[in-house]
Amino acid sequence: PRRALWPWALALALLGGLFYAGFFLWPRPPEKVVELPPPSPPEAPSRYTLRVQSDPPGARVYLDGFYLGQTPLETPPLEGGERVLRLERPGYVPLERRILLDRNLSLSLALTPEKPPEEEASKEAPANKLVLKVEGRSWLRVTRDGERLYEGIPEVGSELVFDLPVEVRSGNPGAVRVILGGKDLGPMGEPGIPVTRRYP
């Protein structure tokens with residue numbers, strides 16, 4: 001019986017060897033290499049211009065906290081998207097709003113005074129007082145009978161109150177508003193032209 005099984009075992013071993021050789025030695029078709037296209041470059045963000053006007057003009061313009069200039073203003077192309085616009089001007093309530101910059105945008109905004117001029121003048125300027133409201137940078141000198149009461153460049157938005165009579169000299173009178181005896185007389189003079197005035 002052992003001799004009868006030996007040829008079968010040999011035949012199975014030969015078949016296994018042939019199968020192994022055919023599987024690994026039989027020629028195979030070449031593999032195809034597929035090249036992927038290079039990734040496309042990212043699209044540049046869209047950019048738009050922003051025009052801002054205010055009533056009154058001369059307001060400082062901020063976009064996302066960065067100062068851009070004063071109104072009327074036209075910006076170079078800016079990156080689009082949702083932005084925060086803020087306008088500030090001495091004597092007026094700051095204005096802030098969110099804008100969507102998805103096209104060339106033009107805005108015209110009105111600022112609200114902090115106090116009505118008549119009410120403010122009546123409360124802060126009695127009949128025997130002179131109030132100088134500083135709305136821009138200006139050198140000032142205030143004297144009475146040759147005595148110097150004040151000289152310097154006050155902060156924008158500040159107010160100086162003096163008893164009458166006084167003499168006032170301003171290097172930029174267009175930035176100094178005069179309230180005499182509770183009455184608003186407007187700017188002291190033309191911007192950039194120094195002037196000396198005596199009150200009353």
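Of note:
- Qualifying aspartates and glutamates (Cα of each under 13 Å from Cα of LYS183; at least 8 residues distant if same chain): GLU118, GLU119, GLU120, GLU124
- Two-decimal Rg to Rh for segment 123-200 - Kirkwood Rh, Cα set: 0.92
- Using C-alpha pairs below 8 Å separated by at least 6 residues, the relative contact order for segment 122-199 is 35 percent.
- Alpha-carbon centroid distance for the pair segment 28-93 / segment 145-187, whole angstrom: 43 Å
- Antiparallel %, DSSP beta bridges [both residues in segment 47-110], to 5: 75 percent
- Calculated on the alpha-carbon coordinates, the convex hull of segment 47-110 measures out at 69 cubic angstrom per residue.
- Sequentially through segment 156-166, phi angles give Karplus couplings (6.51, -1.76, 1.60; θ = phi - 60°) of 5, x, 7, 10, 10, 10, 9, 6, 8, x, 9 Hz, Gly and Pro residues having no value and appearing as x.
Read-outs throughout are calculated quantities, based only on the coordinates presented, and are distinct from any laboratory measurement. No experiment lies behind these values; they were computed from the predicted model shown.
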